[in-house]
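K.L.:
Can you keep this structure in mind? I'll have questions shortly.
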Amino acid sequence: MADKTLKQARQYLQGRINALTGAPAYEYMPAITDEDKLASFFGSSNVAGDTIVNGWAISREASESQPDTDDDRIDFTFVRTYSLAFHGYYGMASGVEETLFDDQIEALLDGLDSDSTLSGNCDEALPCEVRLRDYRFLGNILCHHVEITMLLRMRRDRIA
């Protein structure tokens with residue numbers, strides 16, 4: 001059995017999030033506090049004449065392994081479940097950005113939920129959940145923030 005990897009899935013998700021939202025996506029959250037560097041890292045959108053920060057970061061939260069009960073070779077296979085979080089940021093400027101950010105969130109949920117194997121990069125991708133919707137400061141920029149979680153399942157051969 002050819003193992004799928006978390007790295008492949010994250011790289012696929014990075015491109016998919018970018019395509020679905022139109023905003024840059026990264027496999028990690030940057031440790032940046034300078035406003036100009038942060039704006040250039042996440043990119044910026046022009047909304048009603050204001051330039052605002054807009055971007056996404058992927059983080060791994062946990063993983064769990066269980067015997068693969070769907071495989072006759074139960075002593076030789078297992079299923080690893082990964083929990084990933086997608087953190088989205090949209091800077092606050094003119095007031096219209098909340099609905100624009102909600103549109104990005106819905107596009108992301110619809111796009112990822114319609115692909116149950118992430119184009120073959122995992123064995124099963126469970127539907128996304130919005131865990132948190134709040135406001136955060138990135139450096140000194142107040143942003144809309146969302147945390148979306150997704151579980152990925154990948155079958156593995158045990159290494160003897």
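The values are calculated or read from the model by the stated rules, or taken from the named source; none is laboratory data. A quick note: this is a predicted structure, and the numbers were derived from the prediction, not measured. Counting neighbours? That spans all protein chains shown, and the Cβs are built from the backbone with ideal geometry, glycine included.
K.L.:
Within region 1-22, can you find the residues that are among the basic types (Lys, Arg), more than 15 Å from GLN104 (Cα to Cα) and modelled with pLDDT of 90 or more?
P.N.:
Listed by number, the residues that qualify are LYS7, ARG10.
K.L.:
State the number of residues belonging to region 94-117 that are assigned to a helix (DSSP H, G or I) and either touching a Pro at 6+ places or on another chain (Cβ under 8 Å) or at pLDDT 95 or above (or both).
P.N.:
Residues flagged as assigned to a helix (DSSP H, G or I) and either touching a Pro at 6+ places or on another chain (Cβ under 8 Å) or at pLDDT 95 or above (or both) within region 94-117 amount to 9.
K.L.:
Can you tell me which residue within region 23-77, out of those that are under 14 Å from the mean Cα position of the chain (by Cα) and in a loop (DSSP other than H, G, I, E, B), is modelled with the lowest pLDDT?
P.N.:
So the residue we want is MET29.
K.L.:
Another question, if that's okay. Can you tell me which residues in region 118-127 are closer than 15 Å to ARG10 by Cβ and either in a loop (DSSP other than H, G, I, E, B) or touching a Phe, Trp or Tyr at 6+ places or on another chain (Cβ under 9 Å) (or both)?
P.N.:
LEU118, SER119, GLY120, ASN121, CYS122
Listed here are the residues, each with its yes/no results for (1) surrounded by fewer than 12 Cβ atoms within 10 Å (Cβ to Cβ); (2) in contact (Cβ under 8 Å) with a residue 24 or more places away in the chain; (3) over 12 Å from the mean Cα position of the chain (by Cα).
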position: PHE101; (1), (2), (3): no, yes, yes
position: LEU109; (1), (2), (3): no, yes, no
position: CYS122; (1), (2), (3): no, yes, yes
position: VAL130; (1), (2), (3): no, yes, no
position: PHE137; (1), (2), (3): yes, no, yes
position: LEU142; (1), (2), (3): no, yes, yes
position: ILE148; (1), (2), (3): no, yes, no
position: ARG153; (1), (2), (3): no, yes, yes
position: ASP157; (1), (2), (3): no, yes, yes
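K.L.:
Name the residues in region 124-144 that are within 19 Å of SER40 (Cβ to Cβ) and not hydrophobic (A, V, I, L, M, F, W, C), would you?
P.N.:
Passing the criteria: ARG136, GLY139, ASN140.
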